[in-house]
Amino acid sequence: MGTFIQLVVDGLSTGSIYAALALAIVLVNQATGLINFAQGGMAVLSAYIAYAFTRLGLPLVLAILAAVVISFVIGAVIERFLVRRFEGGDPDTAVVVTIGLLSLVTGIAAIFWGYNNLAFPSLFPLTSVEILGAVVSVRSLATTVTIVAIMVVLQVLFLRTKLGLALRAVADNPASAAFSGLAVGRLLMVGWGLAAVLGAIAGVLVAPQLTLTPGMLDTALVYALAAVILGGLSSPIGCVVAASAIGVLENLVAVYVPLIGHDLKIAVPFVLIFVILVIRPQGLFGRKVVVRV
Amino acid sequence: MPAMSSVLAKRSTRVILTAVVAIALIVAPLILPAFANQTLVRIGVYAVAVLGLNIVMGYTGQVNLGQIFFVGLGAYVTAYGVNHDWNIILVFVAACVVPGIVGLLVALAAARLGGLAIAMVTIALPIVGVPLAKRLDEFTGGSQGTSARFTDAPDWSGLYNDQWQFYIVLLVTVGAFLLGRSLVRGKYGRAFGVVKENEAVAASMGISPYRTKVLAFTVASIFGGASGFLYLAAVQYTSPETLSFGHSISLVAAMVIGGAGSIIGALIGGAYYVFVPQLTNAIDPNLTAISQGAILLVVLFLLPQGLVSLPRVIRRLSRRRPARSTPSGNPPQNSPVHQPAPAAAPEGLEKTERQDRS
């Protein structure tokens, strides 16, 4: 029983990392209708920026804050000068643009900081506590709490604020949003900026655990994409639940189903997707989109 | 009459052009150095894979991020067949049929899902494929991979190995492109286009969107398998690394850069897939990631339709300028195909338009 609880707790903590990236992807998708494959790469770049500030002697918290602000600007600039050209065009092209962006961002990080693993200082103490017989590190507990808090803030932002309403309006129908007097372009920039901020937070939370490398979040991105599809592209809560479920399930399956084991556990979320989407094509929490001809 | 003469001119130039290209391709391996031959062979290998991807993504509009899985599957089936001394024709058929069946099974489930869901299901193929290939070491040789030699030039031909491989790849690639071309230009190609544009309209025309999507996906998988056969013919070795997710993404990039929804675009895409890593590695191996990303973004920024639209864009730009500066305007000198038309039909629409303007 002790192992079981330990596995569940560990799963929840990795799941929260997938969740942070998934939230960023949902945010961009809600604002622009795109899936941003560069989200992980941008998050890694943010973590490197925070790392650079700590090397300059800035305290960790200030370094992270500075990285968050810079990430917002980078996200907004990328939207304005690169992505905007492809919005509303062929979705295949837009997907490839974000893939190109991923390669570019990874390359930039590699040029400045190289491919070697760098140690990133942790924001939270490295002690651990015992809950129900499972050893839980304070760091993963704090990470999970942070992600959940962000999820709540996002939900409130989207559903309770004017900015959230405007962002949703732009995503739903840019043309009629513009007719109602919304600054569509500026809102899209804000959407990308916020997503970059989310990515930055995910990046600095994960970096101490994984150590900094340009490809640090590549696997996490794949899981995050799986969580996004599973939870539904329109639901922040859904994708956090899905990300946690994926984290827990893959941990349990890796240990209790020897046929799958650690090497094939990455298949678990996709088999899950396959089964669930065939039953419920809009995702677990997504709304069904009705298309009229 | 004038219309017919222009068609004749068009057809004769086409025939001559085709003949020139065919002769050049047959003679080329005999005079080119081995390295150039190997490069051309690899372009052929990936052009077939990109062609398959183009049929499912470019023509039918389903985002497929798993094409490399079928290439790898085709390569493994080829290696297995060769190492068990099957007849080589049988090996080729198996290398097409096995990925085709797997593609069909995936498509039967995936084609029910719309838009991005199909991208997610296909993303899983290479990601699950790599550990699976390592696990099934009985068939795949595990992480070390497996090798198979079957494309050494026979003695009677008097050719070098690279030349012999060139002809094998040329044969299959040309066959694949002719098949692909007639597929997308015929009844099924039109169905693909309608399904891509609007599924409801397709259904109202009596085209089943589901069946069309499954067909496109299966055909793409078969082309992927054929590409895997060619890969083993050229490289003679395959490992789980062959079907990594990064390669799958590069294939999608090559397809879009070459030109989605274009047969020639698939060929350009194959060339892009082979040349750009060579080029960026030559500049500086440390800059590979950044320069590949930059090239990709620049090409898409300037030519969202892909490289295949380059002549069209140049023609449009060059046509616009002379027409404004000189009212009598010469037709663009770079297209002999169109020249007879204005000469034979002096009362054409274009002329009156010019008179109005002057």
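The values are calculated or read from the model by the stated rules, or taken from the named source; none is laboratory data. Since we're looking at a predicted model, the values are computed, not measured. Don't worry about glycine lacking a Cβ; one is built from the backbone with ideal geometry, like all the others, and counts go over all protein chains shown. Just so you know, the surface numbers come from the protein's heavy atoms only, side chains and all, with ligands and any DNA or RNA stripped out. Shrake-Rupley method; radii C 1.70, N 1.55, O 1.52, S 1.80 Å.
Residue by residue, here is whether (1) among the charged types (D, E, K, R); (2) within 23 Å of residue A:269 (Cα to Cα); (3) at pLDDT 90 or above; (4) open to solvent by less than 30 Å² (accessible area, probe 1.4 Å) holds:
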{"site": "B:95", "(1), (2), (3), (4)": "no, no, yes, yes"}
{"site": "B:113", "(1), (2), (3), (4)": "no, yes, no, yes"}
{"site": "B:118", "(1), (2), (3), (4)": "no, yes, no, yes"}
{"site": "B:123", "(1), (2), (3), (4)": "no, yes, no, yes"}
{"site": "B:126", "(1), (2), (3), (4)": "no, yes, no, yes"}
{"site": "B:136", "(1), (2), (3), (4)": "no, yes, no, no"}
{"site": "B:140", "(1), (2), (3), (4)": "no, no, no, yes"}
{"site": "B:145", "(1), (2), (3), (4)": "no, no, no, yes"}
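Residue by residue through the stretch B:147-186, note down the ones that are among the small types (Gly, Ala, Ser) and modelled with pLDDT of 85 or more.
So the first thing to find is which residues in the stretch B:147-186 are among the small types (Gly, Ala, Ser), and the list is B:147-148, B:153, B:157-158, B:175-176, B:180, B:182, B:186.
The answer is B:147, B:148, B:175, B:176, B:180, B:182, B:186.
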Among residues of the stretch B:47-92, those that are open to solvent by 30 Å² or more (accessible area, probe 1.4 Å) and in a helix (DSSP H, G or I), counted: 9
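Does the stretch A:70-85 contain at least one residue that is part of a helix (DSSP H, G or I) and within 7 Å of chain B (Cβ to nearest Cβ)?
Residues of the stretch A:70-85 that are part of a helix (DSSP H, G or I), as a first pass: A:70-81, A:83-85.
So of that shortlist, the ones also within 7 Å of chain B (Cβ to nearest Cβ) come out as A:85.
Yes - at least one qualifying residue is present in the stretch A:70-85.
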Among (1) surrounded by fewer than 18 Cβ atoms within 10 Å (Cβ to Cβ); (2) modelled with pLDDT of 90 or more; (3) farther than 18 Å from residue B:264 by Cβ, the one test that residue B:217 misses: (1)
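Would you confirm whether any residue within the stretch B:267-289 is surrounded by 17 or more Cβ atoms within 10 Å (Cβ to Cβ), more than 30 Å from residue B:131 (Cβ to Cβ) and touching a Gly at 6+ places or on another chain (Cβ under 6 Å)?
Of the residues in the stretch B:267-289, the ones surrounded by 17 or more Cβ atoms within 10 Å (Cβ to Cβ) are B:267-274, B:276, B:280, B:288-289.
When the remaining residues are screened for being more than 30 Å from residue B:131 (Cβ to Cβ), the result is B:267-268, B:271.
Now restrict to residues that are touching a Gly at 6+ places or on another chain (Cβ under 6 Å): B:268.
The answer is yes; a qualifying residue exists.
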Within the stretch A:120-149, take every residue that is of a type outside the set (Ser, Thr, Tyr) and open to solvent by less than 30 Å² (accessible area, probe 1.4 Å) and give me the one that is modelled with the highest pLDDT. A:120
Tell me which helices (runs of 4 or more DSSP H) are completely within the stretch A:134-181 and hold 2 or more residues being of a type in the set (Ser, Thr, Tyr), or say none if there are none. A:138-160
Would you check if there is a residue in the stretch B:94-114 being within 14 Å of chain A (Cβ to nearest Cβ), farther than 30 Å from residue B:32 by Cβ and either of a type in the set (Lys, Arg) or in contact with a Gly (Cβ under 7 Å, 6 or more places away or on another chain) (or both)? yes
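Return yes or no: is residue A:96 free of Cβ contacts under 8 Å to residues at least 60 places away in the same chain, farther than 23 Å from residue A:211 by Cβ and open to solvent by less than 40 Å² (accessible area, probe 1.4 Å)?
Working: free of Cβ contacts under 8 Å to residues at least 60 places away in the same chain: yes; farther than 23 Å from residue A:211 by Cβ: yes; open to solvent by less than 40 Å² (accessible area, probe 1.4 Å): yes.
Yes: the conditions hold for residue A:96.
Within the stretch A:186-209, does at least one residue satisfy the condition of being within 14 Å of chain B (Cβ to nearest Cβ) and either in contact with a helix residue (DSSP H, G or I) (Cβ under 9 Å, 6 or more places away or on another chain) or touching a residue at least 40 places away in the same chain (Cβ under 8 Å) (or both)? Spell out the reasoning first.
Within the stretch A:186-209, the first condition is being within 14 Å of chain B (Cβ to nearest Cβ), and the residues that meet it are none.
No - not one qualifying residue is present in the stretch A:186-209.
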Of the conditions (1) in contact with a helix residue (DSSP H, G or I) (Cβ under 9 Å, 6 or more places away or on another chain); (2) open to solvent by 20 Å² or more (accessible area, probe 1.4 Å), residue A:89 clears all except one; give me its number. (1)
Taking the criterion of being of a type outside the set (S, T, N, Q), in a helix (DSSP H, G or I), at negative phi and more than 22 Å from the chain's Cα centre (by Cα), would at least one residue in the stretch A:99-112 satisfy it? yes
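Just to confirm my filter: which helices (runs of 4 or more DSSP H) fall fully inside the stretch B:155-266 and include at least 3 residues that are hydroxyl-bearing (Ser, Thr, Tyr)?
Working: elements: B:161-185, B:187-197, B:199-204, B:209-235, B:245-258.
Filter on the stretch B:155-266 gives B:161-185, B:209-235.
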Consider the stretch A:242-272. How many of its residues are open to solvent by 50 Å² or more (accessible area, probe 1.4 Å) and charged (D, E, K, R)? 1
Criterion first (modelled with pLDDT of 95 or more and either crowded, with 24+ Cβ neighbours inside 10 Å or over 17 Å from residue B:233 (Cβ atoms) (or both)) does residue B:100 satisfy it? yes
